[in-house]
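Take a look at the structure set out below.
The values are calculated or read from the model by the stated rules, or taken from the named source; none is laboratory data. Only a predicted model underlies this, so the values are computations on that prediction, with no experimental measurement involved. Every residue, glycine among them, receives a Cβ derived from its backbone with ideal geometry; neighbour counts consider all protein chains shown.
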Amino acid sequence: MTTLRFDERGARRTERMYASPDVVAQREQVLSLLAPQPGERVLDVGSGPGYLVASLAEAVGPGGTVHGLDPSPAMNALAAARTRELPWAHIDEGDAVALPYANGTFDAAVSTQVYEYVTDVAGALGELRRVLRPDGRALILDTDWDSLVWHTADRELHRRVVAAWEEHLVHPRLPRTLAGLLRRAGFHVTGQRVHVIFNPRLTDDSFSAGMMTAIARFVVGRQGLTEADASAWLADLRARGDEGDYLYSVNRYVFQATTSK
Ligand SMILES: C[S@@+](CC[C@H](N)C(=O)[O-])C[C@H]1O[C@@H](n2cnc3c(N)ncnc32)[C@H](O)[C@@H]1O
């Protein structure tokens with residue numbers, strides 16, 4: 001099974017979709033919950049196009065340090081360009097399961113929409129805990145794809161498309177196990193909440209408009225789906241938009257934890 005590739009094209013697509021007002025609102029919630037302080041040392045695991053690294057760097061200021069880590073050179077190039085004016089932000093190539101930092105390096109760490117792509121989540125959380133200081137705090141956000149509600153006329157075709165789309169990552173239902181995984185990695189879970197991405201209309205800048213095209217491209221050749229199936233599914237969704245009965249909703253779950261009680 002080949003999951004989503006964060007090559008140059010995939011990185012640019014993610015960068016576009018993550019500029020949507022829906023994901024901007026998500027980042028605002030993440031920042032307000034993590035509450036980075038001036039002078040802090042913060043890590044963003046799987047930093048992707050670097051939007052959060054840039055915001056974290058602005059929050060900690062030049063007296064602090066932010067490291068964004070990602071295995072994708074294409075993502076890291078976007079993140080480095082985005083943080084060029086913030087020299088206390090560093091973009092490092094690496095993997096969540098083997099963090100290239102000494103024990104206790106960071107005051108806080110964040111990882112949004114990343115662990116669902118990582119095969120060994122338990123190992124990655126052990127690494128996260130290792131690089132946080134005593135009383136360090138962590139925030140993790142991931143999607144549970146069972147929470148997807150998307151109005152289509154052809155529900156059977158939609159079911160097959162969603163089944164094929166679930167192949168884009170390793171753990172399509174990670175959030176329901178995350179609190180347990182965090183505790184077993186030695187964290188104390190201090191907060192759990194849901195962030196809903198809700199598009200009651202189909203607009204060009206909505207998150208789901210970007211998802212539609214990404215999904216239609218990804219599913220062809222999976223679960224027996226053809227180009228014609230993907231086009232029919234897209235046309236179905238666009239017709240919901242034109243007829244005024246469009247609806248997209250998906251839940252992203254947020255977990256906050258600390259390394260000490
Ligand atoms: C959907 S993007 C999210 C990017 C960013 N966290 C955000 O929310 O804007 C997923 C990111 O996870 C990264 N990723 C995938 N596997 C990873 C791993 N094993 N360790 C660290 N990052 C990983 C990908 O390269 C990609 O940049």
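Here are some residues: A79, A74, A122, A109. Which one is closer than 27 Å to R12 by Cβ, of a type in the set (A, V, I, L, M), more than 9 Å from the ligand (Cβ to nearest atom) and modelled with pLDDT of 95 or more?
That would be A109, the only listed residue that is closer than 27 Å to R12 by Cβ, of a type in the set (A, V, I, L, M), more than 9 Å from the ligand (Cβ to nearest atom) and modelled with pLDDT of 95 or more.
Sort out which residues of region 231-261 are at negative phi and without any contact (Cβ under 8 Å) to a residue 60 or more places away in the chain, and write them in order of number.
Within region 231-261, S231, L234, A235, R238, G241, D242, E243 qualify.
Within region 1-44, track down each residue that is within 21 Å of A96 (Cα to Cα), more than 12 Å from the ligand (Cβ to nearest atom) and either among the polar types (S, T, N, Q) or within 13 Å of the chain's Cα centre (by Cα) (or both).
Once the filter is applied, which keeps residues that are within 21 Å of A96 (Cα to Cα), more than 12 Å from the ligand (Cβ to nearest atom) and either among the polar types (S, T, N, Q) or within 13 Å of the chain's Cα centre (by Cα) (or both), region 1-44 yields only T2.
Taking region 204-221, which residues are of a type outside the set (A, V, I, L, M, F, W, C) and buried (at least 18 other Cβ atoms within 10 Å of the Cβ)?
S206, S208, G210
Right, T152: under 26 Å from Q192 (Cα atoms) and out of contact with any strand residue (DSSP E or B) (no Cβ under 7 Å at 6 or more places or on another chain) or not?
No; evaluated as a whole, the condition is false for this residue.
Please tell me if T14 is out of contact with any helix residue (DSSP H, G or I) (no Cβ under 7 Å at 6 or more places or on another chain), within 20 Å of S208 (Cβ to Cβ) and not in a strand (DSSP E or B).
Yes, satisfied.
Looking only at region 83-94, decide whether some residue is under 29 Å from L225 (Cα atoms) and near the ligand (Cβ under 9 Å from one of its atoms).
no
Quick one: which of V110, V30 is touching a strand residue (DSSP E or B) at 6+ places or on another chain (Cβ under 7 Å), part of a helix (DSSP H, G or I), buried (at least 18 other Cβ atoms within 10 Å of the Cβ) and touching a residue at least 40 places away in the same chain (Cβ under 8 Å)?
One residue alone meets the criteria, V30.
So for region 126-141 (the condition being buried (at least 16 other Cβ atoms within 10 Å of the Cβ), touching a Lys or Arg at 6+ places or on another chain (Cβ under 8 Å) and farther than 26 Å from G63 by Cβ), does at least one residue qualify?
Yes - at least one qualifying residue is present in region 126-141.
The rows are residues; the columns are (1) under 20 Å from Y115 (Cα atoms); (2) under 17 Å from the mean Cα position of the chain (by Cα); (3) touching a residue at least 24 places away in the same chain (Cβ under 8 Å).
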| residue | (1), (2), (3) |
| --- | --- |
| G46 | yes, yes, yes |
| G63 | no, no, yes |
| A74 | yes, yes, yes |
| L78 | no, yes, yes |
| E85 | no, no, no |
| W88 | no, no, yes |
